[in-house]
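K.L.:
Encoded as structure tokens, here's the structure I'll be asking about.
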Amino acid sequence: MPTLRSSSDPWTAVRDRAAGARRFFATHQPAWSISLRTGIAAGLAWWAAWLLTLVAPDPFAEYRYYAPLGAVVATSSTASRSVGQSLRATLAIVVGAGVAAGLDRLLPIDTLTIAVTVIAASLLSSWRTLGDMSQWTVTSALFVLVIGGSQGAQGQSDYIIGFLGLVVLGAAVGVLVNLVAPPLPLGPSEAALDQLRDVLADQLEALAGGLHGDRAPRADEWEERRRAVEPAVEGARQAVDHAREAQQLNIRARRNRERLQRQQNRSERLLMTTSVVTDLVRILTEGEREDVDNQVLGAHLRHPAGEALSALAVVVRDGDDADRAPAYEAVHALRTALAHERSHGTGDDYLAAGAMVLDIERALEANRSTREPADDESAG
């Protein structure tokens, strides 16, 4: 029987704490990176606006502070997204400013003008093209009414030109900063995959723990052993998708191509493992319970199945560094025990047990080390 590492090993606790610290740093690193780029872009936008006012003081000098605002809008978590946000924000500002300027000339009463303008701008902000920049429609409309409108018709026109021109200038600076130093959020995606790996390994260990007793667990005992896998799956998917999106217009992507590919492969392996674990949870919690007459495992298969699940948990948790020999031995022992039970019965009662064996073997294959040769004979 394979020797499995004990979950109470003090080195396991140290490793888990270290992994948690690495995940914390990787998860929060992008916030520091975005903050730094945003600050640099805002400063450069303020300087660029100053240069613009040397050439054209009117109408830009009075509204120079809008340039850093445009830079903040444009500086996003990916280079391609910053371009899209800049275009959508500019369009939203144009729409809001146009609505405000038109209604300000048509409606005679300020209170009525503001009310109708906000209603119209709010309706237009639902335009799908504006996306996450739709709030600028109402903001732009109010700015044009309150700040530009107090200066008369000519002052309002100058305000619109200054507001729009400086926001576009700042957005261009923000896009340029993102293109020169583009973010590539591999850290958060790797941290999300680490979390999914740990959740899956924890779930397998919990299932194994339920099988190591002298009796099948009750329904409530199985419920206590369920882990919330879906949030970790969704987090991993979003993080990997975000990293894939960040490759667009990213000069760093080529240098990190191998790392990106490894991350994509790891994501696919873990998602396949998730499917297996979900199926194992269903089989055991529905069919290996104390209140079920025909249990899927029974007393003779419960222990070898628990050993196989424990061994699989080690492989999932350790990834490429895992020693897979104990897992293959544990699955072989489970298959042998299953064959023995089938030879002494009808065989009909062990269909679900056979499905479990196939699930575990499928998970082992999905988690094959990238350093393993494809024809690894240990799998036999």
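K.L.:
Y63 accessible area, nearest 10 Å², 1.4 Å probe?
P.N.:
Counting only protein heavy atoms, Y63 exposes about 10 Å² to solvent.
K.L.:
What's the local net charge at V73, with K and R +1, D and E -1, over the other residues with C-beta under 15 Å away?
P.N.:
+2
K.L.:
Sum up the charges of everything whose Cβ sits under 13 Å from the Cβ of G155, counting Lys and Arg as +1 and Asp and Glu as -1, but leave G155 out. Please report the intermediate quantities before stating the final value.
P.N.:
On the way: positive: none; negative: D58, E62, D104, D158.
Once all neighbours under 13 Å are counted, the net charge is -4.
K.L.:
Please state the shape class of the range 54-152: rounded when a/c is under 1.5, otherwise prolate if a/b exceeds b/c and oblate if not, all from the C-alpha gyration tensor.
P.N.:
Working: a/c = 2.93, a/b = 1.27, b/c = 2.31.
In terms of gyration-tensor shape, oblate.
K.L.:
Taking a probe of 1.4 angstrom, what is the accessible area of R237 in Å², to the nearest 10?
P.N.:
Looks like 110 Å² after rounding.
K.L.:
Another question, if that's okay. Heavy atoms only, 1.4 Å probe, whole protein assembly: order V168, V314 by accessible area, highest first.
P.N.:
Working: V168 60, V314 30 Å².
Of V168, V314, the descending order of accessible area is V168, V314.
K.L.:
At 1.4 Å probe size, put F143, F60, F163 in order of accessible surface, largest to smallest. Intermediate results must be reported in sequence, preceding the final value.
P.N.:
Numbers: F143 60, F60 30, F163 0 Å².
Ranked list, largest accessible area first: F143, F60, F163.
The values are calculated or read from the model by the stated rules, or taken from the named source; none is laboratory data. Keep in mind that what you see is a predicted model, and the values were worked out from it rather than measured. Backbone-built Cβ (ideal geometry, glycine too); neighbour counts: all protein chains shown. To get the accessible areas, we keep the full protein, side chains included, count just its heavy atoms, and leave off ligands, DNA and RNA. Shrake-Rupley method; radii C 1.70, N 1.55, O 1.52, S 1.80 Å.
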